[in-house]
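Worksheet for the structure shown next.
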Amino acid sequence: MQLVTDITHFQSPEHTVLTIGTFDGIHIGHQRIITQVVERAKEQGLLPTVLTFFPHPRMVLDPSAPIALIQTIEERAQLLASYGIAQLVIQPFSKQFAALSAQDYVRELLVGKLRAKEIIIGYDHRFGKNRSAGIEELKAFGQQYHFQVEEIPVQEVDSLSVSSTKIRQALEKGDVQTANHYLGYSFSLAGVVVHGQKLGRTLGYPTANLQIENSHKLIPKIGVYAVYMLWEGKKVFGMLSIGKNPTIEGKGESIEVYFFDFSSDLYGKEIRLYFIDFIRDEVKFPSLEALKAQLKKDEDNCKWLIANSQ
């Protein structure tokens, strides 16, 4: 898949079947649209293309209400490629771009740069300055500029009752199962393993401390989770703590994972953790002994969950 991050002088090498949106998470509703784009492009010998935006429009238009993203752009690109999208175009979103008239947006971007021959889009898609234009205007532009518009009907979108917002809210509550159900795959976090205070070793639970590089990435609710990573093609299970470490004074916030039956050196390596389920909230314990006893219970709970979810 070609990833286009600088569209200043870009023009698609072929005509396209195009869909447009932020597609954060690429959940099961998005997947239906993406599948349709790929199938239509194959039928017509066109290039299946996605136009997305970064930063997320809400970051620019309403900076007072910060938004964390289910996926980084890199994660989004990887998943779209796996579904057969041949071209992902990232339009930098700015107030200047948001001020483009609907006609300029269609003529310059959708037709001029992306060479759209068919656009597959949700019934509620809005575009142009002040989001003034919708599906009927897009169809009128299609007649003017010679592209077809395939509208995704309301029942096909809303009957799934899935949205990126609902997935974010689920993860912020620790409701991993709902989030994973809506996504159609396991939510994941990737980070580089860095040196911590190594206090886990003294408790019998040596952990890998994750440093998350992308500041826009959503971090689920504080607490303990059952997770796994892929290592040399195999799943390695463990328990993840996201928290402020109230029992250990001065430790501060951390994201750290203890893997079961695993001894390889991970320092400096990037690992990806896939979330299975939420185990418990973070608690302040009266002593390190009490914390150690709870960690044993957490391990047992995680292993039970893993054994019953395979």
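The values are calculated or read from the model by the stated rules, or taken from the named source; none is laboratory data. Note that the structure is predicted; figures quoted are calculated from it, not measured. Cβ coordinates were reconstructed from backbone atoms using ideal geometry, including for glycine residues, and neighbour counts include every protein chain displayed. We work out accessible area using only protein heavy atoms, side chains counted, and drop any ligands, DNA or RNA first. Shrake-Rupley method; radii C 1.70, N 1.55, O 1.52, S 1.80 Å.
Check cross-link reach from K297 to the aspartates and glutamates: straight Cα distance under 14 Å, and skip same-chain residues fewer than eight apart.
Partners found: D281, E282, E289.
Roll a 1.4 Å probe over the protein heavy atoms and report the accessible area of D6 in Å², nearest 10.
My reading of the accessible area for D6 is about 100 Å².
Taking the chain as the region of interest, what is the percent of Cα-Cα pairs per 20 angstrom bin, listed from the shortest bin to the one with the maximum distance?
Result, from short to long distances: 30, 48, 21, 1 percent.
When we measure straight from the Cα of K303, which lysines land under 28 angstrom away, once same-chain ones fewer than 8 places off are left out?
K173, K198, K217, K221, K234, K235, K244, K251, K269, K284, K292
Counting only protein heavy atoms and a 1.4 Å probe, tell me what percentage of the chain's accessible area is made up of carbon and sulfur. Before the final figure, lay out the partial values.
Details: 7770 of 15480 Å².
Carbon and sulfur: 50 percent of the exposed surface of the chain.
Find, among the chymotrypsin sites (Phe, Trp or Tyr not before Pro) in region 263-310, those assigned to loop by DSSP (not H, G, I, E, B) with at most 15 other beta-carbon atoms within 10 angstrom.
Qualifying residues, ordered by number: Y267.
Rounded, prolate or oblate, given the Cα gyration tensor of region 13-130, with a/c below 1.5 counting as rounded? Don't jump to the answer; show the numbers that get you there.
Values: a/c = 1.99, a/b = 1.24, b/c = 1.61.
In terms of gyration-tensor shape, oblate.
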